[in-house]
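Take a look at the structure below.
The values are calculated or read from the model by the stated rules, or taken from the named source; none is laboratory data. Quick caveat, the model's predicted, so the values are computed rather than measured. Positions of Cβ are backbone-derived with ideal geometry, glycine not excepted, and every protein chain shown enters the neighbour counts.
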Amino acid sequence: MSAFDVNENVSPINFKEVLQPSPFQSRIDEYGIVQEWMSWNGYKTARVFDTLASEYFAIRSTCGVMDLTPMEKYRISGPDALTYLNRLVTRDITLLKPNRVTYVIWCNDEGKVLDDGTVFHLQNGDYRLCSQHHQLDWLLLSSLGFDVTIEKETHDVAALAVQGPTSCAALMEAGLVDIDRLKPFDIGYMTLNGMELMISRTGFTGDLGYEVWTHPDRALDLWDLIFSVKEQGLFDIRPTGLGALDMVRIEAGFIMPGDDFNTAETAVRADRVRSPYELGLAWLVDLEKPYFTGKQALIAENREPAKQRLVRLVVEGNKPPTDAFLYDQKGGSRIGTIKSCVWSPILKTNVALADIEFQKGSVPIEIWAEIYYQKELEWRATWVRCNISKKPFWAHPRSSITPPQKF
Amino acid sequence: MTKPVSVVLVGGGHNGLICATYLAKSGFDVQILEARESVGGGASSIKFGGDYTVSGLAHILYGLNTKVCKDLGLDISALKSSEPLNTISLQLDENHITLGLESVSGKTISLKDQQAYRTFKREFRGYAEALEPLMMNTPPRLKDMDRKDKFTLAKLGWSLRFGLGAKSMREFLRVGGINIYDVLNEVFDSSALKGAVSFDAVLGQHMGPRTPNTVLTYLQRLWGECQDAQMIPKGGMGKISEILEKAAIDAGVKIRTGVKVKKICVADGHSDGVVLESGEHVEASIVVSNADAKTTLLDLVGAPQLDAMFCNRVNSIRQNGDVAKLHFALNDLPNFKGLSPQDLQHRLIVAPDMRYVEHAFNHSKYGEFSQHPVLEIIIPTIGDSASAPEGHHIMSISASFAPYDLKGGWSDSRRAFLNRVIETIDQYAPNFSSSIVTSDLLTPLDIEEQYNIAGGHWHHGELSIDQSFMMRPVHGSAQYQTPIKGLYLCGAATHPGGGITGMPGHNAAQRILSSGDLG
């Protein structure tokens with residue numbers, strides 16, 4: 001069982017800089033004119049490059065480019081890679097064909113969600129697991145009894161998310177011909193100007209978009225190649241920060257572990273953890289597939305009425321319900337809280353993800369939010385109705401059409 | 001009557017035999033699959049050096065449970081020697097001391113120590129007896145308790161408070177979790193006496209007298225004393241297994257030997273039988289494993305059928321053995337200085353003082369064996385001349401501490417270890433080495449291989465507090481159950497642990513019968 005020999009070279013740069021630079025850092029620094037930095041998995045990442053609105057609309061109306069390098073990436077290989085992954089996650093990975101990507105979650109023994117991410121079935125039979133949070137310890141711990149190698153490759157792969165209605169056209173203009181053939185969740189490969197590229201039609205925006213992966217040594221070449229299209233005046237392409245990403249992911253109804261629910265590993269209080277059912281992710285749980293960690297607990301939980309659920313809410317009025325409590329009627333009993341919310345510029349409404357208590361396993365008939373807001377430093381309160389949205393707030397048909405339309 | 005359903009037992013150690021007999025007596029169709037050529041496991045006799053027969057692993061019986069004997073009609077009185085078995089602690093200055101159930105004698109033992117020993121043994125046996133409700137029952141869950149769990153806890157509370165009385169209970173709660181070293185220093189003056197008692201507290205464990213928890217292991221040993229006096233069974237421990245085997249067969253248990261189980265089959269979280277090395281599939285409604293928890297869950301069931309963290313808990317069970325077993329065939333009775341030939345029918349120990357024991361243990365912490373091993377020596381041929389050719393003798397030794405994961409491996413160090421044991425005994429019995437005809441050494445690695453116990457630990461896991469009661473073998477698999485429905489554990493890996501007691505087998509059978517899995 002040599003799976004526990006962790007061989008991670010600690011970069012000496014960690015001791016010189018608090019935040020680690022990305023391979024795209026010189027370009028990011030150049031574009032980041034407001035200098036609004038934050039840490040994403042220890043990397044120096046821009047929240048905003050120039051203005052939040054222009055970045056948001058780049059993603060929704062033209063083309064936004066975001067550095068994906070800080071996302072945790074793990075290479076999973078070896079004879080038992082498939083059975084290992086299938087025991088790890090709640091979805092049936094045997095159905096994942098080569099050169100395809102799927103969205104997954106994984107649970108602890110008690111069936112509570114540890115994190116979410118994507119599994120890439122790579123060209124040579126290896127898999128890549130991308131996750132929101134650091135997961136190496138859990139991945140190694142789960143490898144007991146499997147002939148599998150798990151390598152953290154976060155630092156070894158540079159990636160850019162290119163998202164928005166013109167992303168396909170812009171990338172094709174940059175020389176990534178044939179990407180219009182990729183269906184959602186497909187993976188393609190090409191060599192361009194000596195750069196080995198992997199392109200997946202994936203993203204976190206709910207819109208048309210691609211993720212382009214390459215070696216860190218060629219990171220700047222890739223950036224320059226994409227932005228050369230903008231320089232030719234053909235498409236508006238803008239670097240986008242995590243602020244804009246947070247807006248579009250809420251619109252798309254994507255949850256963020258750690259923001260919308262406590263991950264099982266970090267929760268201290270026993271009732272703060274959440275199962276896939278409680279997160280509205282029952283569609284990701286396959287109780288018919290072979291055993292996976294948490295299955296027994298999930299079978300038991302599935303028999304009981306739901307106690308609480310993370311729901312999508314459309315909130316009336318023009319005040320974002322930041323951190324608001326939710327009630328079963330105006331001035332009634334408290335039944336939940338808002339987790340993430342945003343004023344959606346494109347939908348012209350407030351949308352939110354909220355944790356709601358279910359009474360006797362059913363959705364509350366009415367949901368009201370009590371919203372506190374300031375007007376020129378004076379606090380006010382207002383009551384607004386909230387309505388559960390069964391579908392993602394934003395799901396444009398262009399995101400799934402192949403080949404994508406030209407804009 | 002319920003329709004017989006088949007139970008398959010993986011392994012026919014003494015607990016497996018006892019569990020099977022209980023189940024068969026309740027009208028179920030039970031089959032034992034034993035990998036070795038005979039049943040009995042650690043309670044077997046073996047032949048070595050041609051004509052010598054000796055207990056293969058366990059060689060002293062202390063506390064085969066009286067309820068089990070009564071329930072199953074086991075009569076072991078014929079194996080008993082007429083004299084009670086004492087312990088003689090050897091001293092280099094020949095001032096050996098003799099420990100009985102409640103008395104201790106020796107030139108160096110003061111009157112005060114003699115009285116203190118009597119008081120100490122009575123007091124501590126009282127504690128051991130107070131734990132009875134816990135020993136003979138499924139250990140109660142602390143979460144989601146059912147009525148039986150609450151009843152067991154209430155009985156335990158009652159037994160501690162009213163069985164012992166307020167003063168003794170307070171004392172029990174004070175010493176329960178600490179080490180034997182501190183306790184013995186409080187009650188005795190004689191270093192020889194302290195050494196001898198501390199020996200019993202650490203025997204079979206990876207623990208020294210100063211290791212916390214050694215009062216608990218001592219109480220577990222005394223629990224055996226509460227059942228019956230300890231004895232060296234005539235004809236070896238295999239005789240006990242023969243009696244158990246006969247009881248099992250009489251109850252209708254089918255026994256197959258020489259068949260090794262390769263896999264426990266699991267379908268939809270439920271075990272439905274086993275696959276043998278030969279490829280044969282044996283179907284069963286429930287599977288009961290006498291094997292240790294690691295072997296059962298990680299090898300036979302396999303990690304892919306279990307939750308990840310649970311597998312890691314099982315993998316982290318401390319179950320590396322620290323005791324070697326040695327057998328010597330002798331052409332002459334060793335002449336122990338200061339002992340008469342009659343004295344040699346008793347249990348001889350080399351644990352002259354607590355420091356000696358602690359220092360021997362220290363080496364094992366770092367993957368070494370001490371140059372001064374701690375020994376438990378018996379010469380079974382004195383009470384039972386049939387086990388060896390005329391005039392010849394056998395010496396059976398449990399030698400501590402012999403770490404499973406010896407630095408540099410055992411293959412290069414076997415000879416050196418054997419020599420250390422021989423030289424140590426020679427100090428007490430100078431003619432010993434010259435009388436050796438042949439010898440046989442079982443390191444924990446050999447025990448692992450020959451007896452199919454991962455780690456080669458006597459008790460299938462340290463008897464430490466964190467691996468006891470409702471946490472034995474691990475939480476999530478206590479109460480003889482496993483996460484796999486219809487798969488039970490019945491061996492020493494379960495509560496209350498190892499030793500030839502029969503209690504895990506008894507408790508597992510009760511648990512299975514009350515589970516409803518057999519209809």
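Data table
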| read-out | value |
| --- | --- |
| Criterion: over 22 Å from B:Arg221 (Cα atoms) and among the hydrophobic types (A, V, I, L, M, F, W, C) - qualifying residue of B:Ile500, B:Ile512, B:Ile453 | B:Ile512 |
| Matching residues, the stretch B:456-484, being under 22 Å from B:Arg221 (Cβ atoms) and aromatic (Phe, Trp, Tyr) | B:Trp458, B:Phe469 |
| Residue within the stretch B:203-213 that is part of a helix (DSSP H, G or I), surrounded by 24 or more Cβ atoms within 10 Å (Cβ to Cβ) and in contact with a helix residue (DSSP H, G or I) (Cβ under 7 Å, 6 or more places away or on another chain) present | no |
| Extreme residue, farthest from A:Asp221 (Cα to Cα), among residues of the stretch A:129-155 that are over 18 Å from the mean Cα position of the chain (by Cα) and either at pLDDT below 95 or among the aromatic types (Phe, Trp, Tyr) (or both) | A:Phe146 |
| Test: residue in the stretch A:97-107 that is in contact (Cβ under 8 Å) with a residue 40 or more places away in the chain, part of a helix (DSSP H, G or I), within 14 Å of another protein chain (Cβ to nearest Cβ) and at negative phi | no |
| B:Asp322 vs. criteria touching a His at 6+ places or on another chain (Cβ under 7 Å), away from chain A (no Cβ under 14 Å) and either more than 21 Å from B:Asn419 (Cβ to Cβ) or surrounded by fewer than 19 Cβ atoms within 10 Å (Cβ to Cβ) (or both) | no |
| Criterion: farther than 16 Å from B:Gly498 by Cα, crowded, with 19+ Cβ neighbours inside 10 Å and under 15 Å from the mean Cα position of the chain (by Cα) - qualifying residue of B:Ile255, B:Ile264, B:Ile232, B:Ile240 | B:Ile232 |
| Qualifying residue in the stretch B:45-65 (condition: assigned to a helix (DSSP H, G or I) and not aliphatic (A, V, I, L, M)) | no |
| Set B:Ser370, B:Ser364: member being away from every other protein chain (no Cβ under 14 Å), farther than 28 Å from B:Leu79 by Cβ, in a helix (DSSP H, G or I) and touching a Phe, Trp or Tyr at 6+ places or on another chain (Cβ under 9 Å) | B:Ser364 |
| When residues of the stretch B:299-311 are limited to those that are surrounded by 19 or more Cβ atoms within 10 Å (Cβ to Cβ) and in a helix (DSSP H, G or I), the one farthest from the other protein chains (Cβ to nearest Cβ) | B:Leu300 |
| Residue in the stretch A:116-135 that is in contact (Cβ under 8 Å) with a residue 40 or more places away in the chain, outside any loop (DSSP other than H, G, I, E, B) and within 14 Å of another protein chain (Cβ to nearest Cβ) present | no |
| Checking B:Ser316 against (1) more than 13 Å from every other protein chain (Cβ to nearest Cβ); (2) surrounded by fewer than 24 Cβ atoms within 10 Å (Cβ to Cβ), the condition it does not meet | (1) |
| Filter pass, A:Gly331 being more than 14 Å from every other protein chain (Cβ to nearest Cβ), loosely packed, with under 15 Cβ neighbours inside 10 Å, in contact with a Pro (Cβ under 6 Å, 6 or more places away or on another chain) and of a type outside the set (Phe, Trp, Tyr) | no |
| Residue satisfying condition, being polar (S, T, N, Q) and free of Cβ contacts under 8 Å to residues at least 24 places away in the same chain, within set A:Thr191, A:Thr154, A:Thr149 | A:Thr191 |
| Any helices (runs of 4 or more DSSP H) falling wholly within the stretch B:75-168 and containing at least 2 residues that are crowded, with 20+ Cβ neighbours inside 10 Å and in contact with an Asp or Glu (Cβ under 8 Å, 6 or more places away or on another chain) | B:111-130 |
| Meets criteria (outside any helix (DSSP H, G or I), closer than 30 Å to A:Ile33 by Cβ and either within 14 Å of chain B (Cβ to nearest Cβ) or in contact (Cβ under 8 Å) with a residue 60 or more places away in the chain (or both)) for A:Leu222 | no |
| Of all residues in the stretch A:348-407 being among the polar types (S, T, N, Q) and assigned to a loop (DSSP other than H, G, I, E, B), the one that is nearest to A:Pro305 (Cα to Cα) | A:Ser389 |
| Selection status of A:Gly258, of a type outside the set (A, V, I, L, M, F, W, C) and either without any contact (Cβ under 8 Å) to a residue 60 or more places away in the chain or touching a helix residue (DSSP H, G or I) at 6+ places or on another chain (Cβ under 7 Å) (or both) | no |
| Counted residues, the stretch A:290-299 - those being surrounded by fewer than 19 Cβ atoms within 10 Å (Cβ to Cβ) and either in contact with a strand residue (DSSP E or B) (Cβ under 8 Å, 6 or more places away or on another chain) or without any contact (Cβ under 8 Å) to a residue 24 or more places away in the chain (or both) | 2 |
| Lone unmet requirement of (1) outside any helix (DSSP H, G or I); (2) crowded, with 23+ Cβ neighbours inside 10 Å; (3) more than 19 Å from the chain's Cα centre (by Cα) for B:Asp189 | (2) |
| Odd one out for B:His281, checked against (1) within 14 Å of another protein chain (Cβ to nearest Cβ); (2) without any contact (Cβ under 8 Å) to a residue 24 or more places away in the chain | (1) |
| Enumeration of residues in the stretch A:137-156 that are touching an Asp or Glu at 6+ places or on another chain (Cβ under 8 Å), within 14 Å of chain B (Cβ to nearest Cβ) and farther than 18 Å from A:Thr90 by Cβ | A:Asp147, A:Val148 |
| Pairs, first at positive phi in the stretch A:309-323, second assigned to a strand (DSSP E or B), C-beta under 8 Å, six or more apart | A:Gly317/A:Asn350; A:Gly317/A:Ile371; A:Gly317/A:Thr382; A:Gly317/A:Val384; A:Asp323/A:Thr337; A:Asp323/A:Ile338 |
| Answer from B:Asp250, B:Asp292, B:Asp272 - the residue that is charged (D, E, K, R) and either surrounded by 22 or more Cβ atoms within 10 Å (Cβ to Cβ) or within 14 Å of chain A (Cβ to nearest Cβ) (or both) | B:Asp292 |
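Table: residues versus (1) part of a loop (DSSP other than H, G, I, E, B); (2) surrounded by 19 or more Cβ atoms within 10 Å (Cβ to Cβ); (3) more than 14 Å from every other protein chain (Cβ to nearest Cβ).
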residue	(1), (2), (3)
A:Ala53	no, no, yes
A:Ala58	no, yes, yes
A:Leu82	no, no, no
A:Asp109	yes, yes, no
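Residue-by-condition table, conditions (1) crowded, with 22+ Cβ neighbours inside 10 Å; (2) of a type outside the set (Val, Ile, Thr); (3) modelled with pLDDT of 95 or more:
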{"site": "B:Pro403", "(1), (2), (3)": "yes, yes, yes"}
{"site": "B:Ala416", "(1), (2), (3)": "no, yes, yes"}
{"site": "B:Ser435", "(1), (2), (3)": "no, yes, yes"}
{"site": "B:Phe469", "(1), (2), (3)": "no, yes, no"}
